[in-house]
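**Student:** My questions all concern the structure below.
The numbers here are math on the coordinates, done by the rules we state, and not lab data. What you see is a predicted model; the values in this text were computed from it and never measured. Ideal geometry is used to build each Cβ from the backbone, glycine not excepted, and the neighbour counts take in all protein chains shown.
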Amino acid sequence: MVIIANLIQVLLIAISISIVFSKDNTRVVVFLASFSLLSACLYFLNKAPDVALAEVAIGSAIMPLFYILSISKQREFIVMSHVDDDYLKNEKNQKGKGYLLLENFTDYYKLKLYIFNDAEKAELKGIFRKSNVDLIIEKDESTNTYFLIGKQSSILMNKLAQLVENDDKTIVVKVKESETRD
Amino acid sequence: MIKKISLLIILFIMLILFIQMQFDLKGYLNYFSHEYFLSHTYKDTASSNIVTGIYLDYRLFDSIFEASILLIVVSGIVYMTTKEGEENERVFIFEKVKISNLLTILSRVLYPFMLMFGVYIIIHGHLSPGGGFQGGAILATAVLITYYIDPDKITKFSLIIFLEKLLFISILIISSLSLLTKNVLFTNFIPNQTSNTYRSIFLILLNLLIGIKVSLGLVSIFSSFLKEGRS
């Protein structure tokens with residue numbers, strides 16, 4: 001019995017060191033779950049089954065669920081488009097200019113791209129607060145320029161501005177939160 | 001790199017401190033309470049599980065504050081994540097991301113067994129390891145599995161929070177009923193002369209209430225995390 005307990009303790013130290021040095025978030029979550037499972041085994045070996053039950057239920061089932069949920073929220077880049085031409089077209093042979101740009105951008109940060117078409121301009125007011133949109137795309141018909149509107153507080157916008165530096169037809173606009181632009 | 005190395009150094013110092021603490025504690029070690037609880041718990045509280053006997057009879061006052069902490073945390077999280085103003089009914093496409101069939105069917109099979117195990121842990125809290133908090137956490141995982149079956153299952157937050165408040169108040173009332181029968185607050189309200197089988201009704205009742213309250217709290221935390229920013 002003592003050998004098993006010592007083995008588990010050594011494993012716990014190894015897992016905690018690998019948590020510190022790991023770079024992938026989901027992998028860290030799996031490590032955390034296994035950490036609490038092993039510590040629950042240790043509690044059980046030291047005759048504390050009540051604490052072990054609580055540790056298994058909370059530490060290795062509910063907390064990883066919370067972590068995975070919040071990580072998956074960070075992985076999304078949500079774009080709302082108010083444009084109804086070929087700019088954001090995504091088909092097998094031909095991709096629009098804007099779609100290529102956004103794809104390039106999200107591949108750089110390993111994000112998942114979601115585009116919603118909302119050509120009727122349903123409600124722009126307070127849209128950042130209400131539905132977590134990261135970027136809004138609009139078009140000025142007279143000058144044929146596209147506006148990419150995003151939050152000022154987001155660091156990702158700087159990279160996007162860098163990408164479109166040489167393009168005259170695309171302009172990145174940074175807006176403060178809860179501020180509207182018409 | 002510097003951050004990680006400093007973190008490792010902190011962990012190493014903690015390890016040394018823990019080992020040092022083991023030697024320091026040996027001077028203070030005694031077994032008075034150990035022997036007292038082993039010999040008196042079953043007679044005093046009618047609970048075979050000493051841990052349950054302590055947290056539902058000797059230290060019931062502490063358990064009430066533990067329950068209230070969870071209630072305060074849940075109401076704080078729900079207050080911060082719900083938005084003021086009118087509800088926006090727009091549903092985005094990514095809410096309906098496909099979940100694999102295998103996961104759905106497996107969770108359908110597992111769901112009743114998990115519920116049964118949680119209720120068993122709660123009701124047998126005074127006989128075997130477990131109790132209200134542990135069983136409530138298992139019940140909460142069982143309910144969270146239903147999100148794989150149907151994401152729009154739980155919608156009424158206000159009802160959940162209201163139920164939780166109601167359960168907390170009923171825990172308070174039941175634990176202070178002993179003022180009428182025994183003239184002492186926060187202990188078993190059934191007189192000591194009755195048999196142990198009847199006295200354990202109090203333990204089962206409180207365990208059940210605490211378990212339901214904990215599971216409702218964890219479910220409401222999870223669903224407010226899920227709904228945050230996409231209503």
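**Student:** Could you tell me whether the stretch A:75-175 comes out rounded, prolate or oblate from its Cα gyration tensor? Rule is a ≥ b ≥ c as square roots of the eigenvalues, rounded for a/c under 1.5, then prolate if a/b exceeds b/c, otherwise oblate.
**Tutor:** The shape class here is rounded.
**Student:** What length, rounded to one decimal in nm, is gained on full extension from A:I155 through to A:V20, with 0.36 nm per residue of separation minus their alpha-carbon distance?
**Tutor:** Additional length available on full extension: 46.1 nm.
**Student:** By how many degrees, 0 to 90 and rounded to 10, does the Cα axis of helix B:32-45 deviate from the longest principal axis of chain B?
**Tutor:** 80 degrees
**Student:** What's the whole-number percent of alpha carbon pairs in chain B lying beyond 29 angstrom?
**Tutor:** Across chain B, Cα pairs with separations above 29 Å total 49 percent.
**Student:** Next question. Suppose we keep just the DSSP beta bridges with both residues in the protein assembly as shown; what percent of those would be antiparallel, to 5?
**Tutor:** 30 percent
**Student:** Can you give me the long-range amide H partners of A:T170? Hydrogens built in the peptide plane at 1.01 Å from N, cutoff under 5 Å, separation of 5 or more residues or another chain.
**Tutor:** Distant-sequence amide H within range of A:T170: A:Y146.
**Student:** Report the residue, chosen from B:Q22, B:Q134, B:Q193, that carries the largest GNM mean-square fluctuation when chain B is represented by alpha-carbon nodes joined by springs under 10 Å.
**Tutor:** B:Q22
**Student:** Past 18 Å, Cα to Cα, is the threshold; run A:K89/A:K159; A:K23/B:K3; B:K165/B:K213; A:K73/B:K156; A:K112/A:K159 against it and keep the listed order.
**Tutor:** A:K89/A:K159; A:K73/B:K156
**Student:** Give a residue-ordered list of calculated ³J(HN,Hα) values for the stretch A:57-63 (Karplus: 6.51 cos²θ - 1.76 cosθ + 1.60, θ = phi - 60°; whole Hz; x for Gly, Pro).
**Tutor:** Result, rounded to whole Hz: 5, 7, x, 10, 10, 7, 5.
**Student:** Further, regarding this structure: Would you mind working out the magnitude of the charge dipole of chain B relative to its Cα centre, with +1 at each Lys and Arg C-beta and -1 at each Asp and Glu C-beta, to the nearest 20 Debye?
**Tutor:** Using Cβ point charges on Lys, Arg, Asp and Glu, chain B gives about 340 debye.
**Student:** Sticking with this one: Give me a comma-separated list of calculated 3J(HN,Hα) values for the stretch A:150-161, in order, Karplus coefficients 6.51, -1.76, 1.60 applied at θ = phi - 60°, integers in Hz, x for any Gly or Pro.
**Tutor:** In residue order, the calculated couplings are x, 6, 6, 6, 7, 6, 4, 5, 4, 5, 5, 5 Hz.
**Student:** Helix B:196-227 versus the longest principal axis of chain B: what is the Cα-based angle in degrees, 0 to 90, to the nearest 10?
**Tutor:** So the helix axis and the longest Cα principal axis differ by about 30 degrees.
**Student:** Let me ask something else. Based solely on its DSSP helices, what 222 nm [θ] is calculated for chain A when runs of n ≥ 4 H residues each add -39,500 (n - 2.57) and the sum is averaged over all residues, nearest 500 deg cm²/dmol?
**Tutor:** Using -39500 (n - 2.57) per qualifying helix, the result is -15000 deg cm²/dmol.
**Student:** Further question: Note the angle between two axes, namely the Cα long axis of helix B:132-149 and the longest principal axis of the Cα atoms of chain B, as a number of degrees from 0 to 90, rounded to the nearest 10.
**Tutor:** It is inclined by approximately 10 degrees.
**Student:** In addition: Can you compute the modelled spin-label distance between B:F23 and B:S158, with each label point 7 Å from Cα toward Cβ, in nm?
**Tutor:** Result for the modelled spin labels: 6.3 nm.
**Student:** Using a basic spin-label model with each label point 7 Å from the Cα along Cα→Cβ, how many nm lie between B:T197 and B:T181?
**Tutor:** 1.7 nm
**Student:** I need the phi-derived Karplus couplings for the stretch B:22-29: 6.51 cos²θ - 1.76 cosθ + 1.60, θ = phi - 60°, integer Hz, Gly and Pro marked x.
**Tutor:** Once θ is set to phi - 60°, the couplings for the stretch B:22-29 become 4, 6, 5, 5, 4, x, 9, 5 Hz.
**Student:** Moving on to the next point. Mean-square fluctuation check for chain B, GNM, Cα pairs under 10 Å: which of B:A140, B:A46, B:A67 is largest?
**Tutor:** B:A67
**Student:** Compare A:I136, A:I149, A:I62 in a GNM of chain A, Cα atoms joined below 10 Å, and give the one with the largest fluctuation.
**Tutor:** Sorting by GNM fluctuation, first place goes to A:I62.
**Student:** Then there is this: Can you list the residues, at least 5 places off or on another chain, whose amide H is less than 5 Å from the amide H of B:T187, using H built in the peptide plane?
**Tutor:** Placed amide hydrogens put B:S178 under 5 Å from B:T187.
**Student:** What are the extents of the Cα atoms of the stretch A:2-73 along their three principal axes, listed from largest to smallest and rounded to whole Å?
**Tutor:** Taking max minus min along each principal axis of the Cα atoms, the stretch A:2-73 gives 41, 25, 11 Å.
**Student:** How much space per residue, in cubic angstrom, does the convex hull of the C-alpha atoms of the protein assembly as shown take up?
**Tutor:** 203 Å³
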